[in-house]
Amino acid sequence: MNHACAEHAAGGELLRTPGKKVLTPVQHTLLIPLVARALGGALYPGHACGDEQASRLLQGLPVDGRAYLADRPTVLNVLWRTRLIRDVALAFFAEHPKAWGLNLGCGLSHYFQWLDNGSNTWVDADLPEVMALRRKWLPAQPPRLRAATVDLQTEGWWQRLRLPQRALAQPILVVCEGVLMYFQPDEVRQVLQQFAQVAPPGSVLVLDTMARCAVGQAQWHASVGRTRAQFHWGISQMQELTACHPRLQLRQSHSVAPSHGWMGVAMEAMWNPWGQNAPLYGLAELVVQ
Ligand SMILES: C[S@@+](CC[C@H](N)C(=O)[O-])C[C@H]1O[C@@H](n2cnc3c(N)ncnc32)[C@H](O)[C@@H]1O
């Protein structure tokens, strides 16, 4: 990682965990959605998500968010996905009020501010360095909001979450946003398979996807390029998400393109001319049979 560039982009203090470890490029990408949720509503009032936690957090951090705010398409993408994930989660908990939700690769996001219904439980999970940052910058833990350390790129990551039996006695909601595009395809398959094997029927996984043409192109991305992280996974067909396990079913797929107006729709049509049905950037809801 080019430390000088990263320090310039985000301020030195945040880039080190409380144990003084430097964040990796992929860990560093957590600033992109944080800034979008904290400040992006002023640019796109119609898409604002009212993320008070992000706004408060960013005020306290030694980070200049303006660099990320300049990348407007990404700000809009994050606001769009945040609202959509929130809506999917609210509908899920309306149906299963006592269920558990799990945010894999949570970064510094805080969905429970919107989802706490008084009886559900939420688990925020990420790599140890990021969870150390959360402890430092998001210390207040309301009841039924838990924290866990997870490395999704290792086998048996689900077991190491040590979810109690009661969490799996009913469907569970899993969110994984802004994470899997940085993994190798085999690693993504392993995450999906693991979820499909263990999650109770009716469980839902919400994840975001990029088209395969984005793989290897992160250096041209206005925000991700600054972090030196790279995209390794993308899809051409939505069926690729469910092909790895018979219990997985695609419930719904969403494209961000219409949120960008006719230009967004035209661009998507241009990039996907050969019957590819995956959006350039979108969200998928997978359900376990
Ligand atoms: C772009 S950020 C997204 C953060 C959060 N989901 C959000 O939308 O605000 C990518 C996140 O993936 C996490 N991540 C990367 N590799 C991971 C792994 N092997 N296991 C768990 N989390 C990982 C990073 O630490 C980082 O927090």
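Relative contact order of the range 73-288: 19 percent, from C-alpha pairs under 8 Å at least 6 residues apart in sequence.
Computed over protein heavy atoms with a 1.4 Å probe, the accessible surface of the chain works out to 44 Å² per residue. Considering only Ala54, Thr227, Phe195, the residue lying farthest towards the positive end of the dipole of the chain is Ala54, judged by Cα position with unit charges set on Cβ.
Model label points for Gln159 and Asp116, set 7 angstrom from Cα along the Cα-to-Cβ axis, are 3.4 nm apart.
The length gained by stretching the chain between Ala48 and Ala222 to full extension, at 0.36 nm per residue less their Cα-Cα distance, is 60.5 nm. Relative to the current alpha-carbon distance between Cys213 and Lys21, full extension at 0.36 nm per residue lengthens the span by 65.8 nm.
Taking the chain as a Gaussian network of alpha-carbon nodes connected by springs under 10 Å, the highest mean-square fluctuation of the residues Arg251, Arg86, Arg189 belongs to Arg251.
Size of the range 212-280 from its Cα atoms: along the principal axes, largest to smallest, the extents are 39, 30, 21 Å. Suppose R0 equals 45 Å; then what is the FRET efficiency for Asp186 and Gln59 from their Cβ-Cβ distance, rounded to the nearest 0.05? My answer for the efficiency is 0.65.
Counting Lys and Arg as +1 and Asp and Glu as -1 over every other residue whose Cβ lies under 12 Å from the Cβ of His232, the net charge comes to -1. Projected label points at Met263 and Ala169, each 7 Å from Cα along the beta carbon direction, are separated by 5.3 nanometres.
For the chain, the carbon plus sulfur part of the accessible surface works out to 55%, probe radius 1.4 Å.
Antiparallel beta bridges, as assigned by DSSP with both residues in the chain, represent about 45 percent of the total such bridges. For the range 73-288, taking the reciprocal of the average inverse distance between every pair of different Cα atoms yields a Kirkwood hydrodynamic radius of 17.9 Å.
Quick check: net charge around Gly107, other residues with Cβ under 10 Å of its Cβ, Lys/Arg +1 and Asp/Glu -1? Here the count lands on -2.
The values are calculated or read from the model by the stated rules, or taken from the named source; none is laboratory data. Just so it is clear, the structure is predicted and the values come from calculations on it, not from any experiment. Backbone-built Cβ (ideal geometry, glycine too); neighbour counts: all protein chains shown. Calculation scope for accessible area: heavy atoms of the full protein, side chains included, ligands and nucleic acids excluded. Shrake-Rupley method; radii C 1.70, N 1.55, O 1.52, S 1.80 Å.
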